[in-house]
Amino acid sequence: MDVATSASAAIVEAVNISKSFGPVPVLFSVSMDVRPGEVHALIGENGAGKSTLMKILSGFHDPTSGQIRVDGKQVSLPANGGAEKLGIVLIHQELNLAEQMTVEENVFLGREIRRGGFLDKVAMRKSVQTFLDEIGLDIAPTDRISDLTIAQKQMVEIVKAVSRNARILIMDEPTAVLTEEETEVFFRQVEKLKSGGVGIVFVSHKLNEVKAIADRVTILRDGQWIDTRPSQDLTPDTMAQMMVGRELSDLYPPMHEADVDAELVLEVQNLKAQGIDNVSFGLRKGEILGFSGLIGSGRTAVFEAVCGLSPVESGSISLFGRPVSGMSVAEARDAGLAYLTKDRKEKGLLLSKLMRPNLTLFALPKFVKHFAIDRKAEEKALDRAIRRFDVRARDPGITVGKLSGGNQQKLLLAKIMECDPRIVIIDEPTRGIDVGTKQQIYHFIAALAAEGVSVVVISSEMPEIIGICHRVVVMREGHITGVLTGDHINENEIMRYAAGLKREELH
């Protein structure tokens, strides 16, 4: 019998695991096992308990009740990642690499090989090169981490884990920031690890990827185990339904026709800035305008220039019929224009702060009364935002870094909307969040447009561009290659313009 199909051959097992933080329970008697040479996907909405279960499996949290077994024997995992000594390695979503150090220095950081009291650089370099060759990664041990691509950095994390004799690799959203091509390379390396007998826990919100790579799938919902099944018995649609406990046929809201004669609220002419050249487009009141294109096409650069986050070299920008140039972010806000960054953790939110100051920071002037911040007004705003955006937190007094990714994204939306913008630019609105929260955000965007707010959606996810946008601007290498409407908004047409196979003459 193949070890990957033998339940008795599990390397690690979570048996009836429950976890509470103070009086708040987050996991309820959850069981899961991981076997040699398999990819076991762990899926669920944000807040379902995936991160907590991963941290218990890797020794970063202790369970409130239940057992962890390794090779069939009950164990107490060493604290703070000490489970690595048992071959269980967690690769966090935020990569844990020293950017200014080399690949070999990162791989052996804290456990350097020494000879006669000195670092044995020859031995470490030879060892790292062997691991790089085994995994098929075409970089040198002496390359600096800061010079690598995101995909290469992800693979260095895997080399670190393999060099620690990992038997179980727990990967949290490993493809969240990878392109399709990089993801294919990553999956090939995962197959090599599988063939070497490594068991892999794959946590992802990309259900098509789960279907493609996983051998088994465990679904959590609201801290409870829902099911564990072979992936061949599941479709992405059935996974989504099991995650959220409801039908998701209405993932995208009904599309209402945009008024082609509506007021032009934003007009950009011949814009040139870092990464873009000769960009022109308009946005009308109540319109949802999509910006599509491959990574590096210049989509984000356009709106960083429009919103005052980067300097404009030439061209013109008009807001509500009034020419503007050289706006600061605060001036753009006061003019009714707000930008929601795609990097919520680094640029959008203060993770070590509470929800209240995060919510009100962008619109702070409206909460200042007699030269002091009106705390009562802030508390009312937070209560309103929690209800309006369905922000789910165990305790309103927790820091934002302890919220799930989907709840962080909803808080970021609430923060931007607190200044009552008339134009909202949302960069990667659903990156790294679950399908249930995606549905909420799509319906919220549609509701904004119905109220007359104009929305720009910048996204790498083609289904959402197709599903919610009235028009789609496609970019390539800093230029607009096409503007699509109606039936032309489809995957084939978008890819032809994005890949440079087709180009409109834009005037």
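Yes/no per residue for (1) modelled with pLDDT under 90; (2) over 23 Å from the mean Cα position of the chain (by Cα):
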{"site": "Ser20", "(1), (2)": "yes, yes"}
{"site": "Pro25", "(1), (2)": "yes, yes"}
{"site": "Glu38", "(1), (2)": "no, yes"}
{"site": "Ile43", "(1), (2)": "no, no"}
{"site": "Leu53", "(1), (2)": "no, no"}
{"site": "Gly59", "(1), (2)": "yes, yes"}
Inter-residue pairs, beta-carbon under 9 Å, first at negative phi and outside any helix (DSSP H, G or I) and in region 438-464, second modelled with pLDDT under 90 and of a type in the set (Ser, Thr, Tyr), 6+ apart: Ser459/Thr430; Ser460/Thr179; Glu461/Thr430
Any helices (runs of 4 or more DSSP H) falling wholly within region 329-390 and containing at least 2 residues that are under 24 Å from Glu428 (Cβ atoms), assigned by TED's automatic domain parsing to the domain that holds Leu319 and not polar (S, T, N, Q): 329-334
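Results for (1) in a loop (DSSP other than H, G, I, E, B); (2) more than 20 Å from Gly315 (Cα to Cα); (3) more than 29 Å from the chain's Cα centre (by Cα); (4) not assigned by TED's automatic domain parsing to the domain that holds Glu491, shown as yes or no for each residue.
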{"site": "Ala262", "(1), (2), (3), (4)": "yes, yes, yes, no"}
{"site": "Val265", "(1), (2), (3), (4)": "no, no, yes, no"}
{"site": "Asp277", "(1), (2), (3), (4)": "no, no, no, no"}
{"site": "Phe281", "(1), (2), (3), (4)": "no, no, no, no"}
{"site": "Gly286", "(1), (2), (3), (4)": "yes, yes, no, no"}
{"site": "Phe291", "(1), (2), (3), (4)": "no, no, no, no"}
{"site": "Ile295", "(1), (2), (3), (4)": "yes, yes, no, no"}
Flag if Ala83 is within 16 Å of Ala166 (Cα to Cα) and crowded, with 18+ Cβ neighbours inside 10 Å: yes
So Leu178, is it assigned to a loop (DSSP other than H, G, I, E, B), within 28 Å of Glu428 (Cα to Cα) and among the hydrophobic types (A, V, I, L, M, F, W, C): yes
Filtered residue count, region 468-507, keeping only those that are buried (at least 17 other Cβ atoms within 10 Å of the Cβ) and assigned to a helix (DSSP H, G or I): 5
Flag for Ile139 being modelled with pLDDT under 85 and more than 23 Å from the chain's Cα centre (by Cα): no
Single condition Leu77 does not satisfy, out of (1) over 22 Å from the mean Cα position of the chain (by Cα); (2) of a type in the set (A, V, I, L, M, F, W, C); (3) outside any loop (DSSP other than H, G, I, E, B): (3)
Options Glu104, Glu112: the member that is farther than 21 Å from Val190 by Cβ, free of Cβ contacts under 8 Å to residues at least 60 places away in the same chain and crowded, with 21+ Cβ neighbours inside 10 Å: Glu104
Test: residue in region 418-426 that is in a loop (DSSP other than H, G, I, E, B), surrounded by 15 or more Cβ atoms within 10 Å (Cβ to Cβ) and acidic (Asp, Glu): yes
Region 125-143, residues that are touching a residue at least 40 places away in the same chain (Cβ under 8 Å), β-branched (Val, Ile, Thr) and surrounded by 17 or more Cβ atoms within 10 Å (Cβ to Cβ): Ile135
Out of Thr102, Thr149, sole residue that is in the same structural domain as Gly59 (by TED's automatic domain parsing) and in contact with a strand residue (DSSP E or B) (Cβ under 8 Å, 6 or more places away or on another chain): Thr102
Residue count for region 56-74, restricted to those that are of a type in the set (Gly, Ala, Ser), surrounded by fewer than 16 Cβ atoms within 10 Å (Cβ to Cβ) and part of a loop (DSSP other than H, G, I, E, B): 1
Hey, Ala372 surrounded by fewer than 13 Cβ atoms within 10 Å (Cβ to Cβ) and over 20 Å from His443 (Cβ atoms) or not: yes
Residue pairs meeting the criteria (Cβ under 7 Å; at least 6 apart or on separate chains; first surrounded by fewer than 20 Cβ atoms within 10 Å (Cβ to Cβ), in region 144-172; second acidic (Asp, Glu) and in a loop (DSSP other than H, G, I, E, B)): Ile145/Glu99; Ser146/Glu99
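The values are calculated or read from the model by the stated rules, or taken from the named source; none is laboratory data. Nothing here was measured: the structure is a model prediction, and the numbers come from that model. Cβ atoms come from the backbone with ideal geometry, glycine included; neighbour counts cover every protein chain shown.
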